[in-house]
Amino acid sequence: MEAMVLIYSSLSLFVVAVAFKLIIHHQTRTPKHLPPSPPSLPILGHLHLAKKPLHRTFHSLSQKYGHIFSLRFGSQLVVIVSSPSAVEECLTKNDVVLANRPDFLVTKHLGYNHTTVATSPYGDHWRNLRRISSLEIFSTNRLNMFMGIRRDEVKRLLRKLLRNSRKDFAKVELKSLFSELTFNIIMRMVAGKRYYGYGEDVKDEEEARQFREIIREAFANGGASNPQEFVPMLRWIDLGGLEKRLMRLAKRTDAFLQGLIDEKKGEEEGNTMIHYLLSLQKSQSEYYSDQIIKGLILDIVLGGTDTSAVTLEWALSNLLNHPYILKKARVELDNQVGEENLMNESDLSKLQYLQSIISETLRLYPAAPLLIPHMSSDDCTIGGQDIPRSTMLLVNAWAIHRDPKVWDDATNFKPERFECGEADKHKLMPFGLGRRSCPGAGLAQRTVGLALGSLIQCFEWERVGEEEVDMTEGNGITMPKAVALEAMCKARPNIMNNLFSEPVDYV
């Protein structure tokens, strides 16, 4: 009994000490002109206001406190901006100062102690990783080399849809199909392996199962909305066991990725990203260590799969709710590509309306509605407000994309707006801006463009019922749909024979 009293007394003293320290810190370090902020709670700050989905919560707060306002997540000061002018000031004038990333538990353990291109602080190491990403992984030449893989995986999707829809409309669930498509594309590019499918489509079922489980856990434990990320006491006691879970997951992930690298080291030649990076390792081992290669793979997989799958689901959902737009896109495809020729990536430059549909989808439903958080490395000002060093910056791209002061008819799906040149980079920012913008934007555009264009070209699409597709947003890092998309599809006869005439590349 005495031991319990001692423990509770110690915890109480600890809480009081932390609260006292925070008060003193706030009184002595807070600048005079911080962005406006709602009333906060001791220790927790504004964590109680962080209701999901966060982008909608922050949008509501901005209506009261302005386009630049601040919150305290525990001891961490967070500034949220939601206007093009503020974003331009952040990511042009203050681009270097705001080029750091916050230190989260997930980036510490899964991101090799904040050393991957997505998670590392701004500096020489990050510049080297960015150079590798831009020149060796996501260059036009490198993406062209893997064009056949993307085409093959899209054809596999089309054939799967064709099985039950040759003669009449068939109902299909598309969320899982899009996820399988994007993961198989990325993993074939990275390691030459498919991890979704059955029989001869997947060579090692156990390895595939391990990969799928690792990815599921990574997405389930990611994000910046865990309270223990911001309250030192909660992190110290590991409330909910988050850090232990992340440590176990990181160990499994590292072993899995190392296995892929070791396997490729035993092969004399190959045409995967791992093979290419290992060839560079022989002459530049300090730049292309196994750990750097594993970090690059992880960023590509986590950043380039679910985002594209979610975008495809939102895009087709919008087209089902706007059949006249779907019809206009099909007419463009028939005119530019032909009714009997399967489209290729090389056709995308001719399909301006299809590109406008994708841009409009990314405007209304950005896969990263708050982008990736930035962190200030020094004091700066935004819109006349003081932003202290070590402040987390969140850009509410979702709010900017739907701001009626920025966009005409802002909440309606109107691809035509991009035919009139509304795509100013500070108004439309689904891949971020500045130094820390997404290096894989080109790959995403190719994947989504080829897949969506092929679905429009090869099938007739209808809603399951008369009601419009539910466009409610669910909870998640990449803003998924709350209700998985189901639709009715029927193969177009002129294109059907081509789906069977070309061989599938079994890997």
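Just so you know, all these numbers are worked out from the coordinates, no wet-lab data involved. Because the structure is a prediction, the values reported are computed rather than measured. Reconstructed Cβ throughout: ideal geometry from the backbone, glycine too, with neighbour counts over all protein chains shown.
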For the table LYS193/LYS481; LYS193/LYS350; LYS203/LYS264; LYS160/LYS490; LYS108/LYS265, the rows whose alpha-carbon distance is greater than 20 Å are LYS193/LYS481; LYS193/LYS350; LYS108/LYS265
Which order do ILE137, ILE185 fall in if you start with the one that has the fewest other Cβ atoms within 10 Å?
ILE137, ILE185
With the crude spin-label approximation of a point 7 Å out along Cα→Cβ, what separation in nm comes out for GLU268 versus ASN113?
3.9 nm
Assuming R0 = 35 Å, can you tell me the calculated FRET efficiency for the pair ARG212 and TRP236, based on Cβ-Cβ distance, to the nearest 0.05?
0.60
By how many nm would the segment from GLU486 to LYS93 grow when fully extended, if each residue of separation counts as 0.36 nm and the alpha-carbon distance is taken off?
137.0 nm
Stretch gain in nm, segment LYS52-PHE219, where the contour uses 0.36 nm per residue and the Cα spacing is subtracted
58.5 nm
By count of other Cβ within 10 Å, fewest leading, how are GLU213, GLU313, GLU173 ordered?
GLU173, GLU213, GLU313
Based on the alpha-carbon gyration tensor of the range 432-478 and its eigenvalue square roots a ≥ b ≥ c, which shape applies: rounded if a/c is under 1.5, prolate if not and a/b is larger than b/c, or oblate?
oblate
For ALA441 and ASN341 in the same chain, what is the full-extension length gain: residue separation times 0.36 nm, less their Cα-Cα distance, in nm?
33.3 nm
Label LYS171 and ARG159 with points 7 Å out from Cα along Cα→Cβ: what is the distance between them in nm?
2.7 nm
Local electrostatic count at ASN396 - Lys and Arg +1, Asp and Glu -1, tallied over other residues with Cβ under 12 Å:
+1
Least to most buried among VAL448, VAL81, VAL202 (fewest other Cβ within 10 Å first):
VAL202, VAL448, VAL81
List the extent of the Cα atoms of the range 236-307 along each of their three principal axes, largest first, rounded to whole Å.
47, 27, 20
With a/c under 1.5 counting as rounded, go ahead and sort the range 124-501 into rounded, prolate or oblate using the C-alpha gyration tensor (a ≥ b ≥ c being the square roots of the eigenvalues; past the cut-off, prolate if a/b is larger than b/c, else oblate).
oblate
